[in-house]
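The values are calculated or read from the model by the stated rules, or taken from the named source; none is laboratory data. Since the model is a prediction, treat every value here as computed from it, not as a measurement. Glycine also receives a Cβ, built like all others from the backbone with ideal geometry; neighbour counts cover every protein chain displayed. What goes into the accessible areas is simple: the full protein's heavy atoms, side chains included, and nothing from ligands, DNA or RNA. Shrake-Rupley method; radii C 1.70, N 1.55, O 1.52, S 1.80 Å.
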Amino acid sequence: RAFTGHSGSVDSVTFSPDGKQVLTGSVDKTARLWDAQSGKELCTFTGHSSLVRSVAFAPDGKQVLTVWDHTARLWDSHSGKELRTFTGRDDGVDLAVFSPDGKLVLTGNRDQTTRLWDAQSGKELRTFTGREEGVSSVAFLPDGKQVLTSSSNNTVRFRDAQSGKELRAFTVPAGDDYFVAFSPDGRQVLIGSGDHIARLWDSQSGKEHRTFTGHDDAVFSGVFSPDGKQVLTGSRDKTARLWDARSGKELCAFRGHSSWVRSVAFSPDGKQVLTPSDDKTARLWDAQSGKELRSFTSHS
């Protein structure tokens with residue numbers, strides 16, 4: 001199926017933790033919740049004054065997080081009610097993610113800081129500052145004890161989530177870094193870049209393990225499969241590609257979009273993948289065969 005109905009390009013997508021719903025964010029200033037099996041639109045989140053750059057479910061699936069008119073907004077996933085807004089002190093918020101337990105929100109801000117918030121109260125807990133020079137990605141390690149930031153000066157930094165102390169840093173090849181993603185065990189970090197390559201690094205030593213080479217344009221997005229054995233990437237070359245995480249070998253290419261693939265996601269069982277695109281669709285594929293299963297259409 002394909003999820004079709006946004007009036008602008010679809011820039012972000014994710015499955016709910018139980019795999020029964022899909023959340024998409026679009027240039028049309030909305031995020032939309034869909035039934036993954038029927039393709040029916042369940043809810044529209046309206047309130048941003050600009051494009052919705054990223055979307056995320058809380059670990060329990062009861063809340064969703066959306067970004068961008070320089071804010072991060074928390075919503076009730078059932079009613080669509082806005083619960084609270086997270087804003088930076090100066091130029092606002094570009095990126096936001098939940099902690100693994102759902103109690104914290106981490107934001108990357110245009111004032112070159114990363115901020116940690118209490119998800120329920122909306123209170124700012126601490127600010128991570130220092131030499132960020134533009135935050136391009138933020139993430140929690142799977143255990144929630146460390147946070148990662150990637151910045152426009154090609155530096156990846158790991159910090160203690162409680163104290164804010166910098167633990168280690170390493171430099172990646174020059175070029176725009178479009179995403180970072182952790183393996184399920186937190187030992188490896190995947191970084192995509194404008195040089196058409198996704199790279200796998202050891203999160204402790206900062207040593208580069210392998211590269212995933214085959215895309216013909218910038219790699220916008222990437223995730224590990226739930227078991228950590230595969231990597232899925234999305235690119236400006238209009239394709240998503242599946243790779244063996246150990247060897248770097250390409251296993252499958254998902255072709256059919258007529259424009260850039262902005263984001264990618266695995267279903268919780270790893271058997272299906274989801275891709276949103278600037279062609280205003282999100283498509284569901286069989287991960288093993290590469291066959292398109294369906295698309296989703298808005299009724300609005």
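With the checklist (1) crowded, with 16+ Cβ neighbours inside 10 Å; (2) touching a Lys or Arg at 6+ places or on another chain (Cβ under 8 Å); (3) among the β-branched types (Val, Ile, Thr) in hand, flag the one item THR85 doesn't pass.
Answer for THR85: the failing condition is (1).
Any chance you could count how many residues in the range 52-82 are touching a Gly at 6+ places or on another chain (Cβ under 7 Å), open to solvent by 20 Å² or more (accessible area, probe 1.4 Å) and more than 20 Å from PHE140 (Cα to Cα)?
Adding up the residues that qualify gives 2.
Could you go through the range 226-246 and let me know if any residue there is in contact (Cβ under 8 Å) with a residue 60 or more places away in the chain and surrounded by fewer than 17 Cβ atoms within 10 Å (Cβ to Cβ). Let's see the steps before the verdict.
The first filter runs over the range 226-246 and keeps only residues in contact (Cβ under 8 Å) with a residue 60 or more places away in the chain, leaving 245.
Next cut, surrounded by fewer than 17 Cβ atoms within 10 Å (Cβ to Cβ) only: none.
No, the range 226-246 has no match at all.
Tell me, which residue of the range 196-224 that is within 17 Å of SER263 (Cα to Cα) and among the acidic types (Asp, Glu) is surrounded by the fewest Cβ atoms within 10 Å (Cβ to Cβ)?
So the residue we want is ASP216.
So which of THR127, THR107 ends up being among the β-branched types (Val, Ile, Thr), at pLDDT 85 or above and surrounded by fewer than 18 Cβ atoms within 10 Å (Cβ to Cβ)?
Working: THR107 fails: surrounded by fewer than 18 Cβ atoms within 10 Å (Cβ to Cβ).
The conditions single out THR127.
Filter the range 28-51 down to the residues that are at pLDDT below 90 and among the hydrophobic types (A, V, I, L, M, F, W, C) and list them by number.
The answer is ALA36, LEU51.
Could we say that ALA253 is buried (at least 20 other Cβ atoms within 10 Å of the Cβ) and in a strand (DSSP E or B) here? I'd like the intermediate steps shown before the answer.
On the way: buried (at least 20 other Cβ atoms within 10 Å of the Cβ): no; in a strand (DSSP E or B): yes.
So ALA253 fails the test.
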